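Remarks on the structure that follows.
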Amino acid sequence: MNSGSNLTPSAAGERRQYADPIVAAESDVDLLAGLLADAGRIVSFTGAGISTESGIPDYRGPGGVWSTGKPPTLDDFLTNEAARLEYWERRRTGYRQMAAVEPNGGHRALVELERSGRLLGTITQNIDGLHQKAGADPDRVVELHGTAHAVRCLSCGTVWPASEIQEWLERTTGEPRCQVCGGILRSATVLFGEAMPVEPLRRAIAFAQEADLMLVIGSSLVVQPAARLPLIAVRAGARLAMINRESTPLDRLADLVVRGDAGRTLATATGLALAWEPFRSYATG
Ligand SMILES: [Zn+2]
């Protein structure tokens, strides 16, 4: 495939917008490597698609411990004891399986980019904690939808690690309570009927505004307000690349869209981009 003029380094304003992106197959991974190599402030935006290769099904898909049962709403946690008991029962039997899931080549490639100094941070829609488990600096990961690996007190706000609550769940029956104030505990994920918390969104917007390359991986970009973040990055002058199996509403803004497996594509592209580094240093003196 012809790489086209929109992959050459460009000054601000020179960049093509609202034109068709280059849609590359997985085998055209060198196009992505070129964008990664040119960028110094990459921000990745990840959705369910980066974790399917770790065995976590897309939450909209059928089956799996992450999607069985109806997730409780905030109202359920506040007022419906039966729904809470059902929730804790699912955690009692399913959490260890969730906690055993391992990150894949995609998560590890982002860690490599971070350690090379090119990745500012990761904004994720996932609650699985796999970026941190792969070695990402937790301070550089923004979890827009919270995390499955913590629970929080509805009364005093104390956050408890899921492993601690799990030990309690496995020792006894019923519903765990806050050990500080006796309050009701809730999942630390964003619940149905609950607005996205302000602080992670604020940090995500700051990342998007600082990026020189926004890399969308495995997100259909339909859940708002998160789906606007790549748009914010583009408006602030960033390039936009996507690795997705399906098209998204923002594809037409992208410089490059790669259709393929997130993990394999990203791992190969990152390897190439970092291997070019010595040549680039030599070329620029
Ligand atoms: Zn409490």
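The values are calculated or read from the model by the stated rules, or taken from the named source; none is laboratory data. Note that this is a predicted model, so its numbers are computed, not measured. Note that each Cβ is placed from the backbone with ideal geometry, even for glycine, and that neighbours are counted across all protein chains shown.
Looking at Leu201, Leu229, Leu221, Leu266, which is the one that is surrounded by 15 or more Cβ atoms within 10 Å (Cβ to Cβ), assigned to a loop (DSSP other than H, G, I, E, B) and within 15 Å of the chain's Cα centre (by Cα)?
From the options Leu201, Leu229, Leu221, Leu266, the qualifying one is Leu221.
Only one of these conditions is not met by Val151: (1) surrounded by 14 or more Cβ atoms within 10 Å (Cβ to Cβ); (2) more than 16 Å from the ligand (Cβ to nearest atom). Which number is it?
(2)
Does Gly174 fit the bill of being more than 16 Å from the ligand (Cβ to nearest atom), assigned by TED's automatic domain parsing to the domain that holds Ala273 and over 12 Å from the mean Cα position of the chain (by Cα)?
On the way: more than 16 Å from the ligand (Cβ to nearest atom): yes; assigned by TED's automatic domain parsing to the domain that holds Ala273: no; over 12 Å from the mean Cα position of the chain (by Cα): yes.
No; evaluated as a whole, the condition is false for this residue.
Hey, Arg84 hits all of (1) touching a helix residue (DSSP H, G or I) at 6+ places or on another chain (Cβ under 7 Å); (2) farther than 18 Å from Thr172 by Cα; (3) modelled with pLDDT of 90 or more but one; which does it fall short on?
Exception for Arg84: condition (2).
What's the number of the only condition in (1) hydroxyl-bearing (Ser, Thr, Tyr); (2) within 19 Å of Leu113 (Cβ to Cβ); (3) over 13 Å from the mean Cα position of the chain (by Cα) that Thr248 fails to meet?
(2)
Select from the stretch 177-198 the residues that are away from the ligand (no atom under 16 Å from the Cβ), touching a strand residue (DSSP E or B) at 6+ places or on another chain (Cβ under 6 Å), on the phi < 0 side of the Ramachandran plot and in a loop (DSSP other than H, G, I, E, B) and list them in ascending order.
Within the stretch 177-198, Val190, Leu191 meet the criteria.
Every residue in the stretch 159-171 that is within 16 Å of the ligand (Cβ to nearest atom) and either touching a helix residue (DSSP H, G or I) at 6+ places or on another chain (Cβ under 6 Å) or within 17 Å of Leu74 (Cα to Cα) (or both), please.
Val159
Please verify whether the stretch 55-77 includes one or more residues that are at pLDDT 90 or above and polar (S, T, N, Q).
Among the residues of the stretch 55-77, not one is at pLDDT 90 or above and polar (S, T, N, Q), which makes the answer no.
Within the stretch 157-198, can you find the residues that are loosely packed, with under 14 Cβ neighbours inside 10 Å and within 24 Å of Arg228 (Cβ to Cβ)?
Phe192, Gly193, Ala195, Pro197, Val198, listed by residue number.
Residues that are more than 30 Å from Leu256 (Cβ to Cβ) and more than 16 Å from the ligand (Cβ to nearest atom): does the stretch 208-226 have at least one? So that I can check it myself, show each step before the final result.
Initially, the stretch 208-226 is screened for residues more than 30 Å from Leu256 (Cβ to Cβ), giving none.
Scanning the stretch 208-226 turns up no residue that is more than 30 Å from Leu256 (Cβ to Cβ) and more than 16 Å from the ligand (Cβ to nearest atom).
Contact list please: Cβ distance under 6 Å, first residue in the stretch 79-93 and free of Cβ contacts under 8 Å to residues at least 40 places away in the same chain, second residue surrounded by 14 or more Cβ atoms within 10 Å (Cβ to Cβ) and part of a helix (DSSP H, G or I), pairs at least six apart or on different chains.
Ala83/Asp76
Does the stretch 10-54 hold any residues that are modelled with pLDDT under 85 and of a type in the set (A, V, I, L, M, F, W, C), and which are they?
Selection gives Ala11, Ala12, Ala19, Ile22, Val23, Ala24, Ala25.
If Gly117 meets every condition in (1) on the phi < 0 side of the Ramachandran plot; (2) out of contact with any Asp or Glu (no Cβ under 8 Å at 6 or more places or on another chain); (3) not hydroxyl-bearing (Ser, Thr, Tyr) apart from one, which number is that one?
(1)
Go through (1) among the acidic types (Asp, Glu); (2) under 13 Å from the mean Cα position of the chain (by Cα); (3) at pLDDT 95 or above for Asp128 and report which single condition fails.
With respect to (1) among the acidic types (Asp, Glu); (2) under 13 Å from the mean Cα position of the chain (by Cα); (3) at pLDDT 95 or above, Asp128 is out only on (3).
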